[in-house]
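The values are calculated or read from the model by the stated rules, or taken from the named source; none is laboratory data. What you see is a predicted model; the values in this text were computed from it and never measured. All Cβ positions, even for glycine, are placed from backbone atoms using ideal geometry, and neighbour counts span all protein chains on display.
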Amino acid sequence: MGSELMYYIPLMGVIGLLVMVGKALWVNKQDAGDANMQELAGYIASGAIAFLKAEWKVLGVFAAIAAVLLAWSGTLVEHSDWVIAIAFLIGAFFSAFAGWIGMSIATKANVRTTQAARTSLAQALKVSFNGGTVMGLGVAGLAVIGLSSLFIVFLHMYVTDGNANGEQMMQCLEVLAGFSLGAESIALFARVGGGIYTKAADVGADLVGKVEAGIPEDDARNPATIADNVGDNVGDVAGMGADLFGSYVATMLATMVLGREVIAKGDAFNGLSPILLPMVIAGLGILFSIIGTFFVRINKDSDSVMAALNKGNWGAMVLTAVSSYFVIQWMLPADLEFVRGDVHLMISSMNVFWAIILGLVVGTLMSMVTEYYTSMGRRPVDSIVQKSGTGHGTNVIGGLAMGMESTVLPILILAAGIYGAFHLAGLYGVAIAAAGMMATTAMQLAIDAFGPIADNAGGIAEMSHLPKEVRERTDNLDAVGNTTAATGKGFAIASAALTALALFAAYVGLAGITGIDIYKADVLAMLFVGGMIPFFFSSLAISAVGKAAMDMVKEVRRQFREIPGIMEGTAKPEYEKCVAISTKASIREMIAPGALALLSPVIVGFAFGPEALGGLLAGITVSGVLMGMFQNNAGGAWDNAKKSFEKGVMIDGVEYKKGSEPHKAAVTGDTVGDPFKDTSGPSMNILIKLTSIVALIIAPHINKSTVHAAQDIPAHVQQVEVTRDAATQAAAVEVNVQ
């Protein structure tokens, strides 16, 4: 097949989309229940569409302005081009479209899952998981089609000398980075905006409906319940779809950029094999994820839903791991060489394979640890339940402590993975490990997306006053969905760390610097500034939830006070007013966090130079990974601690259920954790990658400006620098000799 292989990569994405269409048609054919259920589902769908339209209007303006700036800047340096603006717009559109696909199917699958739960848990799982599969295949299919197709186009546009490691290939990949920038930019706004929307509604529904009025969160008498269910779709589905689309693309791009520095003599792909490999693995991951979906099934209500999901996930990963061996043996020569400046690192193709396996192992272990810290019946969640017995404060303290503890094992696993992958195949090994981890994104996202669908299904069951066993089945799915959502976020933050390191390495290469010297004052200063940014970003996101939640609480209280008959069920709440509050607040409040992520690397890069920007990126990555893990796990543990009371818990020998004082304390903890796990926490992985991609885009510009600045330094200052460097080198030689 030779170099023609690249033309088959988009085909694997097309297969994913074709299967996605088949799954979507199957979901649409399922029974949508009675008229009341369909009416409630209609409210949720219309609210979700209204939010997306409002969000897209704002993002459309942002995309247009950003495209103009990119087109202009692309003409200023030789390693870029105005075409980067086109790539950016395509990436932005695909990212938004991926989110829409997920939200569209979720708002149809929710009510059908409710109806299926009237039959059996097995049927409810089938409908909800197929709905999630539509989203997973849509995201992965669009990512592979978009990135591989643009690579083929840009390869023919820019690479005329046939050199996979030359300057023209650098230009090809630099322009291709615009696609990733567009994807990550939209992902950040979608994730933050959707997160603000869903948590403002959730907090309002919890604090007034549950705690003050003493009615269930999803009770039809609760004015915020429709906004809450809409939020599950715009935040946990549309936002998450755009999020993982961006992550998937960024991982492939980072590996391709580093692959340019790998010399593959004697391969059958004109030296392109290290660049093509991540896209091939991603395409095969789609096919094996499709196969994995057939393993997700249970036979009766007593069967474990989590076990069924794990079976599908393990199936996809094992198939990907096995196939990677044969793909690498076919594509890569036995020996490769990573070349950057004076550094020449010899790499064996088998080591590349083991790096991919290591990435899969790291992703699996990260998910297992996250599952342990957020699952009902495990020590972390049980400890929070026990602390609820002594009040609201001790519940919050317990959740914070568990969230902080939960960073220990994942960081050690991640550190070992980075060290091991680098030892195996250098920087390319770290990048390909991330690509291996993300290969089964379609399956990971299917498992993740089924959770919000099940959550909505439970809400519709509650509002429709369906039999108790229906709600029990949807609650079973929802509890598993909370855990899979948490493990999915752990998986995403782990992939973000590996991808960010790969992007960081690619940035250093494009910026023309040999390394980052932490002893320099500007680098150390920006390291601290970078460490601060995830905290400030989280503050903006959580504060936005708080502001919107206050408005929501006031509106829900007003309706209970001014509309007679709501509590008796004789009058309908004004759902649309709560939906409008969340929509306006989320669109308004998402701007500041997004601007912080996009502008901070630009300002630091042009003001202080490429090394200082490297320090900023390092600070953001380390701090962001820790903040993401802490917030995701604390929020997930708080949520399942609250849910534990639905079946009854034993505290000091006394059983407590919903409505008890310990349960109210657990609701408070869950309220604190809501913006942690659904707004700021999952945004950390986008923040990490987006700042790195922005740095990658501007690297040629700040490299050029740094060269000009160096030429303007007075001669006597340059002489002092040369003398100091010579003295430093002499001292280093003396130490080595000793």
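Annotations for the structure displayed:
- The one condition in (1) aromatic (Phe, Trp, Tyr); (2) outside any helix (DSSP H, G or I); (3) under 30 Å from GLY458 (Cα atoms) that TRP82 fails to fulfil: (3)
- Matching residues, the range 544-572, being part of a helix (DSSP H, G or I) and free of Cβ contacts under 8 Å to residues at least 12 places away in the same chain: MET550, LYS554, ARG558, ARG561, GLU562
- From the options ALA268, ALA220, residue that is out of contact with any strand residue (DSSP E or B) (no Cβ under 9 Å at 6 or more places or on another chain), under 30 Å from GLU167 (Cα atoms) and not in a helix (DSSP H, G or I): ALA268
- Screening LYS29 with (1) charged (D, E, K, R); (2) modelled with pLDDT under 90; (3) farther than 28 Å from ILE186 by Cα gives one miss only, at (2).
- Checking the stated criteria, SER683 turns out to be surrounded by 24 or more Cβ atoms within 10 Å (Cβ to Cβ), modelled with pLDDT of 85 or more, of a type in the set (S, T, N, Q) and more than 18 Å from ALA607 (Cα to Cα).
- Helices (runs of 4 or more DSSP H) fully within the range 335-430 counting 2 or more residues that are of a type in the set (Asp, Glu), touching a Phe, Trp or Tyr at 6+ places or on another chain (Cβ under 9 Å) and surrounded by 15 or more Cβ atoms within 10 Å (Cβ to Cβ): none
- In the condition set (1) free of Cβ contacts under 8 Å to residues at least 40 places away in the same chain; (2) closer than 21 Å to VAL480 by Cβ; (3) under 25 Å from the mean Cα position of the chain (by Cα), TYR373 is compliant with all but (1).
- Looking across the range 102-125, the residues that are surrounded by fewer than 24 Cβ atoms within 10 Å (Cβ to Cβ) and in contact (Cβ under 8 Å) with a residue 40 or more places away in the chain come down to LYS108, ARG118, SER120, LEU121, ALA122.
- Each residue in the range 658-682 was checked for being charged (D, E, K, R), in contact with an Asp or Glu (Cβ under 8 Å, 6 or more places away or on another chain) and part of a helix (DSSP H, G or I), and 4 of them qualify.
- Only one entry of GLY635, GLY605 meets the criterion of being in a helix (DSSP H, G or I) and either within 17 Å of the chain's Cα centre (by Cα) or hydrophobic (A, V, I, L, M, F, W, C) (or both), and that entry is GLY635.
- Test: residue in the range 236-250 that is outside any loop (DSSP other than H, G, I, E, B), more than 16 Å from the chain's Cα centre (by Cα), surrounded by 24 or more Cβ atoms within 10 Å (Cβ to Cβ) and not β-branched (Val, Ile, Thr): no
- Leading residue by the ranking (nearest to GLY681 (Cα to Cα)) among those in the range 518-535 that are of a type in the set (Gly, Ala, Ser) and touching a residue at least 12 places away in the same chain (Cβ under 8 Å): GLY531
- Hits in the range 20-36 - residues which are of a type in the set (A, V, I, L, M, F, W, C) and outside any loop (DSSP other than H, G, I, E, B): MET20, VAL21, ALA24, LEU25, TRP26, VAL27, ALA35
- Among (1) surrounded by fewer than 20 Cβ atoms within 10 Å (Cβ to Cβ); (2) part of a helix (DSSP H, G or I); (3) out of contact with any helix residue (DSSP H, G or I) (no Cβ under 6 Å at 6 or more places or on another chain), the one test that THR75 misses: (2)
- Residue match in the range 153-162 (condition: of a type in the set (D, E, K, R) and either in contact with a Leu (Cβ under 9 Å, 6 or more places away or on another chain) or closer than 20 Å to ALA41 by Cα (or both)): no
- Only one of the numbered conditions (1) at pLDDT 85 or above; (2) under 30 Å from ASN110 (Cα atoms) is violated by VAL208, and that is (1).
- Verdict on ALA641 being part of a helix (DSSP H, G or I), over 19 Å from the mean Cα position of the chain (by Cα), in contact (Cβ under 8 Å) with a residue 60 or more places away in the chain and farther than 23 Å from MET366 by Cβ: no
- Pick from the range 530-589, criterion of a type in the set (S, T, N, Q) and touching a Phe, Trp or Tyr at 6+ places or on another chain (Cβ under 7 Å), ranking: surrounded by the fewest Cβ atoms within 10 Å (Cβ to Cβ): THR583
- Going through (1) under 21 Å from ALA140 (Cβ atoms); (2) modelled with pLDDT under 90 one by one, THR293 falls short only on (2).
- Annotation note: Cβ proximity below 9 Å between a residue of the range 52-66 that is farther than 9 Å from ALA96 by Cβ and a residue that is among the basic types (Lys, Arg) and assigned to a helix (DSSP H, G or I) (sequence gap 6+ or interchain) occurs for ALA54/LYS584.
- Residue in the range 376-394 that is over 16 Å from ALA641 (Cα atoms), more than 19 Å from the chain's Cα centre (by Cα) and of a type in the set (Gly, Ala, Ser) present: no
- Qualifying position, being of a type outside the set (A, V, I, L, M) and under 22 Å from the mean Cα position of the chain (by Cα), among GLY131, GLY74: GLY131
- Looking across the range 325-370, the residues that are of a type in the set (Val, Ile, Thr) and under 30 Å from the mean Cα position of the chain (by Cα) come down to VAL327, ILE328, VAL352, ILE356, ILE357, VAL361, VAL362, THR364, VAL369, THR370.
- Residues (crowded, with 17+ Cβ neighbours inside 10 Å, in contact with a Phe, Trp or Tyr (Cβ under 9 Å, 6 or more places away or on another chain) and closer than 20 Å to LEU121 by Cβ) located in the range 274-304: THR293, VAL296
- The condition of being out of contact with any His (no Cβ under 7 Å at 6 or more places or on another chain), over 20 Å from TYR428 (Cβ atoms), in contact (Cβ under 8 Å) with a residue 60 or more places away in the chain and surrounded by fewer than 24 Cβ atoms within 10 Å (Cβ to Cβ) holds for only one of GLY312, GLY271, that being GLY312.
- Residue within the range 154-172 that is surrounded by 22 or more Cβ atoms within 10 Å (Cβ to Cβ), in a helix (DSSP H, G or I) and touching a Gly at 6+ places or on another chain (Cβ under 8 Å) present: no
- From the list ASP517, ASP522, the one residue that fits, being assigned to a loop (DSSP other than H, G, I, E, B), among the charged types (D, E, K, R) and surrounded by fewer than 24 Cβ atoms within 10 Å (Cβ to Cβ), is ASP517.
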